[in-house]
Amino acid sequence: MSGTGEQENERRVVEDDAYNGSDIYAEDGSVRSDYLMHVGAAIADRDLLYLRQHVARLHASEMGDVLEAIQPEQRRALVSLLGDDFDLSALTEVDEAIRLDIVEHLPNEQIAAALGEMDSDDAVYILEDLDQEDQEEILSKLSFTERVRLRRSLDYPESTAGRRMQTEFVAVPPFWTVGQTIDYMREDDDLPESFTQIFVIDPTFKLLGALDLDRLLRSKRSVKIETIMRETNHPVPAEMDQEEAAQLFEQYDLLSAAVVDENNRLVGVLTIDDVVDVIQEEAEEDLMRLGGVGDEELSDSIIDASRSRVVWLLVNLLTAFLAASVISLFDATIQQIVALAVLMPIVAGMGGNAGSQTMTVTVRALATRNLDIHNAFRVIRREAGVGLLNGLLFGVLIGIAAGAWFQDVNIGGIIAVAMLINMIAAALAGIMIPLLLDRFGADPAVSSAVFVTTVTDVTGFFAFLGLATWWFHIGMN
């Protein structure tokens, strides 16, 4: 390296001392721009010393944030330069598109070597997105034990507890003593890096119970495990949906839970760190689906982002024609009373917002199992009451404002009544549509928004224009 390059490296090292090792974040939580500038310069200069000291030592989650913040070509160059010093578990912290982009540029030998050092749940998280051919080649390079563990997890469907579980756990027979168990944990080098529970199994690996480490350490060495173990708290079936498993953790305040197969044999353990990830992913998924954007990520290409949005935009376009056809029924009235054209978007817009509020609450309640057939009628009645109350409030407000604006009390009265009708319809649509979709097996988070908007638009236009037509062309005669 030239003298200028050495001076630049020394400057970067001195400035990065202010980061206190891994303090790479600004006050708003984003990665510091000056740190990213130094990383980019080090990548361009192929400065391995700087990258190993100030990037390779980052925690996996911090490395993930750095990978998401730098440019795609810098990501590939960084991973290539670090080589074996790159912690592959950082790929569990980034978007799928970024993960695939990096993995596709890594040799399978390097991936296999890294996966052999990782927890099985993290290894599966990386493997599951690869092509079948690459999966098989990588698995073939692992030890027999590791290969069996990972294949077992990969055999379970996506988004299940079996796919999320960690296959490293501590299990002992019930006739062992506390002393034997402690000696076993001290001498065995193949134990998980961290654990809080010991599981008790019979010779066929059927789950008998569990023992917390604090209880073990408080017991005398001569005490048998079967006398101090407890019944396992809510074992999780391997085929259970990961969101349902997360709800068990939330309901019973679990830190970890045994995962069992259909024969109640212990196959893995689900830990709180994985459950936190599940909760975050499911919440993000529901939020994205409510917006009609599927599983889109910020790292997706323009084509992929467009493809994920176009379907529901097309559905929305078709339903918009339905609302437009309602308006066309009253074109003669609109031509005579221009105020109707000015005011009718207000009725539809307010109804749409009210329907979205109710729909959001309903979809979330369905996702968390807080809304079911037993309390559905009570919640429907509550939402109808909310719609009635808000409809009266905003009906009076918009009625007074419209009457004063156009100096016509008839216009004010018509829009007030239309507002009341649409707010009630919006509340009922916001809860009934998600309930019906859920009842027939459709995902209410994906489908509800378009249909709720259609109901509020059609009802709003029909109520407002229909009332105006009746009042001015029939009621005045």
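Points worth noting:
- When you restrict to C-alpha pairs under 8 Å that are six or more residues apart and normalise by the size of the chain, the relative contact order lands at 10 percent.
- Options Val94, Ala463, Ala60, ranked by Cα towards positive dipole end of the chain, top entry (Cβ charges): Ala463
- Gyration tensor over the Cα atoms of the range 22-108: the corresponding equivalent ellipsoid has semi-axes (square roots of 5 times the eigenvalues, largest first) of 18, 15, 12 Å.
- The relative contact order of the range 180-323, computed from alpha carbon pairs under 8 Å that lie at least 6 residues apart in sequence, is 15 percent.
- Computed across the range 77-221, the Kirkwood hydrodynamic radius from all distinct Cα-Cα pairs reaches 17.2 Å.
- Temperature 37 °C, viscosity 0.692 mPa s: under these conditions the Stokes-Einstein estimate for the chain, based on its Kirkwood radius over C-alpha pairs, is 120 µm² per second.
- Where labels lie 7 Å past Cα in the beta-carbon direction, separation of Asn370 and Glu284 in nm: 2.3 nm
- Computed from the alpha carbon positions, the gyration tensor of the range 332-390 leads to an equivalent ellipsoid with semi-axes of 34, 12, 8 Å, biggest first.
- With the charge dipole of the range 199-270 set up from +1 on Lys and Arg Cβ and -1 on Asp and Glu Cβ about the Cα centre, the Cα lying farthest toward the positive end among the listed residues Pro235, Phe205, Asn263 is that of Phe205.
- Relative contact order of the range 218-274, taken over Cα pairs closer than 8 Å and 6 or more residues apart, is 28 percent.
- Rg/Rg_ref, the range 133-287, where Rg_ref = 2.2 N^0.38 Å and atoms are Cα: 1.10
- Here the Kirkwood formula, the inverse mean of 1/r across different C-alpha pairs, assigns the range 251-382 a hydrodynamic radius of 19.7 Å.
- Positive-end extreme of charge dipole, the chain - chosen from Ile272, Thr368, Thr167 (charges on Cβ): Thr368
- About its Cα centre, the range 74-114 has a charge dipole of approximately 120 debye under the convention of +1 per Lys or Arg Cβ and -1 per Asp or Glu Cβ, with nothing else charged.
- Enclosed volume per residue, in Å³, of the convex hull spanned by Cα atoms of the range 391-439: 53 Å³
- Annotation: Cα Rg of the range 187-273 relative to the compact-globule expectation 2.2 N^0.38 Å equals 1.13.
- Each label was represented as a point 7 Å from its Cα along the Cα-to-Cβ direction; for Gln336 and Val310 these points are 4.6 nm apart.
- Length gained when the stretch Val223-Asp202 is fully extended (0.36 nm per residue, less Cα-Cα span): 5.7 nm
- Here the extension length gained between Ser328 and Leu393 equals 20.5 nm, from 0.36 nm per residue of separation less the Cα-Cα distance.
- Helix-only CD estimate at 222 nm, as mean residue ellipticity for the chain, using -39500 (n - 2.57) per DSSP H run (n ≥ 4): -20500 deg cm²/dmol
- Axial C-alpha extent at least 30 Å, average Kyte-Doolittle at least -0.5 - helices from the chain (DSSP): 302-328, 338-367, 376-406, 409-439, 444-470
- Virtual paramagnetic centre 7 Å along Cα→Cβ of Leu191, amide N under 19 Å, in the range 109-134: 118-120
Since every read-out is calculated from the coordinates, none of them should be taken as a lab result. All figures in this text were calculated on a predicted structure; none of them were measured in a lab. Quick reminder, even Gly has a Cβ in these numbers, built from the backbone with ideal geometry, and neighbours come from all protein chains shown.
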